[in-house]
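Read the structure below first, then the notes.
The values are calculated or read from the model by the stated rules, or taken from the named source; none is laboratory data. Please read these numbers as outputs of a predicted model, since none were measured by experiment. Cβ placement follows ideal geometry from the backbone for every residue including glycine, while neighbour counts extend to all protein chains displayed.
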Amino acid sequence: MRIKMRMFIFMLFLFTASWAFSEKNNGVKEQIDNKKTTEETGDGSFRKILIFPFENFSESGMKYLTNYIPELIRDSLGSEKNIKIIIAEEILKETKRLNLKIENYYDTGTAMKLLEDLNGYAGIMGRYIIQGKVLRIDYRGLILKENRVVKGGTYDIPIDSIFLSSLEKFSGSVESWFKIDVLREQLFDFDKDKENIFVQYYEKIGKSRIGIIIKNKWLLALIICVIFYILSLIAGLFFEKVLKRITGKTATSVDEEIVDISKKPVRWIIIFFGIKLAVFTIGAASSINKVLLNITTGVIIMLAAYLASKIAEIIIQSWGKKITERIESRIDDDLIPLFLKISKIVIISIGIIMVLSRFNVNIAPLIASLGIAGFAIGFAVKDSLSNVIGGIVLILDRSFAVGDKVSIDGDVGVIKEVGLRNTKIQTFDNEIIVYPNGDLMNKKFKNYVLPDPMIRVVVNFGVAYGSDVDMVEEVVLKAVKSISEIAEEPAPSVVFTEMGDFSLNFQAKFWVPNYVNQYNKWVEATKVVYKSLNEAGINIPFPTHTIIIEKEG
């Protein structure tokens, strides 16, 4: 136990030292940078960054971009501490004030001379050209102290309805490039900061036995990876030993499932975060370093998207389970899989878009293309989509369920299946009728089950003219009441409805508790009524017609 504790303290000490060395934006760094910029730039406590006017190459259109692009880059870099940014128009004023001659802003020699004359630290320069409906921008950086040009890149922007937002995205890309490829080259200068406490502490560590580990960037990167791997193990134990115990005491199992599914992705996120920090510490060639950092960031984003999709899956399944416990429907068979697929596609798509943006891929044309493709596909499958939406509405609306007896367009049968695209009805002749949900949603149909399974049975009959109607009602009512398994309330009744062409017409009415027995009880009641009328001597007439023939002469 003591050995493990000593190892833990030792690794914690190494982590603290490596963190202090690799941290680029802490307060100590600001102190070093402030002192350094004072000596190098003579501008108080700031580095002076010059953003030159972007050259309108070949006199293309949109001349306002010459000053507008530097302004956008200035706004993106505005949050960076310890730098003072001078943009195109301010540079022009300074050159006039100092009587400096400018032949070509995009000329490297001229730009370096301006950096020196204006006491600048670094600069950004570029040019643009319009080719058809695309704006192409080239840019690069300058470091005065090293008299070095830092390679930038080329950025293509479609000239469309989202042109200005694409320009802002370009400025964000330049910001990332400038911070990584230009500013990071001169973050620390230990030779000029001997009195700094951190530098003294660093030198003491360097002279100690573990100094070789701290000063060797490869060993330091390896230590960082090991430390973050240990942190991932600790996180796994925290999920297993702490969070699982807490969630085990709750009434729902959703939180337990979320903890189980989150453990492994969270561990990998921590590991790749350590790899990203190790890559930053190694400080490979700027272009390679940027690619590696973007790759690790992309992996972290996709792991987070995977975790989010799994959590959404658990929540949707839990919601569907609660709904299906309350109502009898096909939500768990049809609707839940649909929601799961949609949520997964949306979350993973967002993750992919974020990853592409990290690699400076202009996703605006891609999104526009997807929108157009989605519209075309939606128009092509609008009938299928209408059926799917109709199925969702029918399931959630609970207009009917499997097993209900319904009447649609004169077809009477039992609901056999309610799917996302169509509904199937089985008739009493053992035939299957398929209705598209999009059409069924707009039809008027009769559900014999709603509001409850009780249903009325009506038997029509007629007796001969001259019969005693009161006697008929009494005889038939007594016969109907003798039928088994009929409802007492509402009570059976016999109604004299009309005087027909050749008979007095009546209706015998009674209720059965379940619609399933409606037809059988109607057949039974018809027999009972006929027998009771015959036994009472009440005549049931045949249809008769009187024909009058007139004789001529």
Note to self: Among the residues that make up the range 519-537, is at least one of them surrounded by 13 or more Cβ atoms within 10 Å (Cβ to Cβ), more than 30 Å from Val414 (Cα to Cα) and modelled with pLDDT under 90?
What the structure shows: yes
Check: Out of all the residues in the range 464-497, which are surrounded by 15 or more Cβ atoms within 10 Å (Cβ to Cβ), in a helix (DSSP H, G or I) and not small (Gly, Ala, Ser)?
Finding: Val472, Glu473, Val475, Val476, Leu477, Val480
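Pick from the range 91-116 the residues that are closer than 10 Å to Leu50 by Cα and in contact with a helix residue (DSSP H, G or I) (Cβ under 9 Å, 6 or more places away or on another chain): which of them is modelled with the highest pLDDT? Even if it seems obvious, please write down each step before you answer.
The first filter runs over the range 91-116 and keeps only residues closer than 10 Å to Leu50 by Cα, leaving 91, 111, 114-115.
Pick out the ones that are also in contact with a helix residue (DSSP H, G or I) (Cβ under 9 Å, 6 or more places away or on another chain) and you get 91, 114.
Values: Ile91: 82, Leu114: 85.
By that ranking, first place goes to Leu114.
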Checklist line | Cross-chain or 6+ apart pairs with Cβ under 8 Å, the range 295-322 first and under 15 Å from Ile342 (Cβ atoms), then aromatic (Phe, Trp, Tyr) | finding: Ile316/Phe339; Gly320/Phe339
Checklist line | Residue match in the range 367-381 (condition: at pLDDT 70 or above and not assigned by TED's automatic domain parsing to the domain that holds Val516) | finding: no
Check: Within the range 104-111, is even one residue closer than 22 Å to Glu175 by Cα, aromatic (Phe, Trp, Tyr) and within 36 Å of the chain's Cα centre (by Cα)?
Finding: no
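Restricting attention to the range 396-417, which residues are surrounded by 13 or more Cβ atoms within 10 Å (Cβ to Cβ), closer than 24 Å to Pro337 by Cα and at pLDDT 75 or above?
Matches in the range 396-417: Val402, Ile415, Lys416, Glu417.
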Notebook entry, point to check: Pick from the range 137-148 the residues that are farther than 26 Å from Lys63 by Cα and surrounded by fewer than 21 Cβ atoms within 10 Å (Cβ to Cβ): which of them is nearest to the chain's Cα centre (by Cα)?
Noted result: Ile143
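Quickly run through the range 233-252 and pick out the residues that are among the small types (Gly, Ala, Ser) and either assigned to a helix (DSSP H, G or I) or touching a residue at least 24 places away in the same chain (Cβ under 8 Å) (or both).
Correct list: Ala235, Gly236, Gly248.
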Next item on the list: Would you confirm whether any residue within the range 498-516 is exposed (fewer than 12 other Cβ atoms within 10 Å of the Cβ), under 28 Å from Phe428 (Cβ atoms) and not aromatic (Phe, Trp, Tyr)?
Entry: no
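Collect the residues in the range 148-172 that are among the β-branched types (Val, Ile, Thr) and touching a residue at least 60 places away in the same chain (Cβ under 8 Å), keeping them in residue-number order.
In the first step, residues of the range 148-172 are kept if they are among the β-branched types (Val, Ile, Thr); the result is 149-150, 154, 157, 159, 162.
Hits for the range 148-172 are Val150, Ile157, Ile162.
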Item checked: Top-ranked residue in the range 47-87 [being aromatic (Phe, Trp, Tyr) and not in a helix (DSSP H, G or I); ranked as farthest from the chain's Cα centre (by Cα)] -> Phe52
Note to self: Could you go through the range 322-335 and let me know if any residue there is surrounded by 17 or more Cβ atoms within 10 Å (Cβ to Cβ), under 24 Å from Glu257 (Cα atoms) and modelled with pLDDT of 70 or more.
What the structure shows: no
